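K.L.:
Please see the structure below; I have some questions.
The values are calculated or read from the model by the stated rules, or taken from the named source; none is laboratory data. Remember, predicted model here, so these are calculated numbers, not experimental data. Glycine also receives a Cβ, built like all others from the backbone with ideal geometry; neighbour counts cover every protein chain displayed.
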């Protein structure tokens, strides 16, 4: 819609692995009268370190404004386990449906270096805001 500011970008940095997330409410896919609210979120993972990292697993925690909590664990992201050399980045989009008009998501990606070192790269907690209700991470 015209005049609406762009959605905020949330960012976290874990040992040079920068993760940026930009959520966006999907009006056309949401059905507020039926308690269905849908967001798209775009994630960019940038390797600002001097090591090569491979994203092996994901861990998401999703809490809606009614206090319902979901944990989502799995291998990779969008069917891939991206390998990022220094200076490289990977970008993908996914979706999040909720039964409430707002919520928050956050978590981490397990990243493994070529030497076998493992880190939990933090995904910044970000708000899923709809025009029907808004929340902000603290």
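Listed here are the residues, each with its yes/no results for (1) at pLDDT 95 or above; (2) touching a strand residue (DSSP E or B) at 6+ places or on another chain (Cβ under 8 Å).
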{"site": "76", "(1), (2)": "yes, yes"}
{"site": "83", "(1), (2)": "yes, yes"}
{"site": "92", "(1), (2)": "yes, yes"}
{"site": "106", "(1), (2)": "yes, yes"}
{"site": "112", "(1), (2)": "yes, yes"}
{"site": "122", "(1), (2)": "yes, yes"}
{"site": "134", "(1), (2)": "no, yes"}
{"site": "138", "(1), (2)": "no, no"}
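K.L.:
Oh, and also: Might you check whether a residue that is within 22 Å of residue 128 (Cβ to Cβ) and in contact with a helix residue (DSSP H, G or I) (Cβ under 7 Å, 6 or more places away or on another chain) occurs anywhere in the stretch 38-49?
P.N.:
Yes, that holds for at least one residue.
K.L.:
What is the one condition in (1) more than 21 Å from residue 115 (Cβ to Cβ); (2) modelled with pLDDT of 95 or more; (3) surrounded by 14 or more Cβ atoms within 10 Å (Cβ to Cβ) that residue 17 does not satisfy?
P.N.:
If we test residue 17 against (1) more than 21 Å from residue 115 (Cβ to Cβ); (2) modelled with pLDDT of 95 or more; (3) surrounded by 14 or more Cβ atoms within 10 Å (Cβ to Cβ), just (1) comes out false.
K.L.:
Moving on to the next point. So, in the stretch 82-114, how many residues would count as being surrounded by 13 or more Cβ atoms within 10 Å (Cβ to Cβ) and over 22 Å from residue 24 (Cα atoms)?
P.N.:
Residues in the stretch 82-114 being surrounded by 13 or more Cβ atoms within 10 Å (Cβ to Cβ) and over 22 Å from residue 24 (Cα atoms): 8 in total.
K.L.:
Taking the stretch 78-102, which residues are over 12 Å from residue 18 (Cβ atoms) and in a loop (DSSP other than H, G, I, E, B)?
P.N.:
78, 79, 81, 82, 85, 86, 99, 100, 101, listed by residue number.
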